[in-house]
Amino acid sequence: MLELANTGYITATDFADYLVKIHSMTFREAYQKTADLVNLAEKKKKNLNELTLDELRKVEKKLTSEVLKVFNLKNSVNSKKSYGGTSFDNIKKMIIKYKKQK
C-alpha cells in the first residue's frame, strides 16, 4: 500500500501546508505554488519526492533542504495526529480499541 500511495502527488497538500506554516504564505499563494510544483513534476515525469532541491527552488526560491521531508510519505502519514488522523500511532490505537470491543 505504501508503494502505491507514493505514486502521484499525494503529498502536494503537505507542501502547501508547509509553505503556509514555514514561509507565512497565504493558502491561496501556497496553493498556486503547489499547482506549479505538480505541473513541474508532471512535465519531468517525476513524483514529488523525486524532485531535487534545485527543481523545487524553481517554484519557490526560499526553500531549503528541510522541505524534502515534506515529500516523504511516512512523514506525511505521521503528521496527521489529530483524532481520526492517519498517523501510525492513531491507527494502532484504533486497532487496540477495536480488539477490546470484540
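Some points to look at:
- Residues of segment 8-18 that turn out to be touching a residue at least 60 places away in the same chain (Cβ under 8 Å), open to solvent by 50 Å² or more (accessible area, probe 1.4 Å) and acidic (Asp, Glu), as a count: 0
- Residue, surrounded by the fewest Cβ atoms within 10 Å (Cβ to Cβ), within segment 19-67, restricted to residues that are within 20 Å of THR7 (Cβ to Cβ) and of a type in the set (Ser, Thr, Tyr): THR52
- Residues within segment 11-50 that are outside any helix (DSSP H, G or I) and either within 15 Å of SER76 (Cβ to Cβ) or under 13 Å from the mean Cα position of the chain (by Cα) (or both), tallied: 2
- Selection of segment 51-71 for residues being of a type outside the set (Lys, Arg) and in a loop (DSSP other than H, G, I, E, B) yields LEU51, THR52, VAL59, GLU60, LEU63, THR64.
- Cβ pairs under 8 Å, 6+ apart, first in segment 49-69 and basic (Lys, Arg), second open to solvent by less than 20 Å² (accessible area, probe 1.4 Å) and part of a helix (DSSP H, G or I): none
The values are calculated or read from the model by the stated rules, or taken from the named source; none is laboratory data. Every value quoted in this text rests on a predicted model; they were computed, and no experiment measured them. Cβ: placed from backbone, ideal geometry, glycine included. Neighbour counts: every protein chain shown. Areas reflect the complete protein model, heavy atoms only, side chains present, ligands, DNA and RNA absent. Shrake-Rupley method; radii C 1.70, N 1.55, O 1.52, S 1.80 Å.
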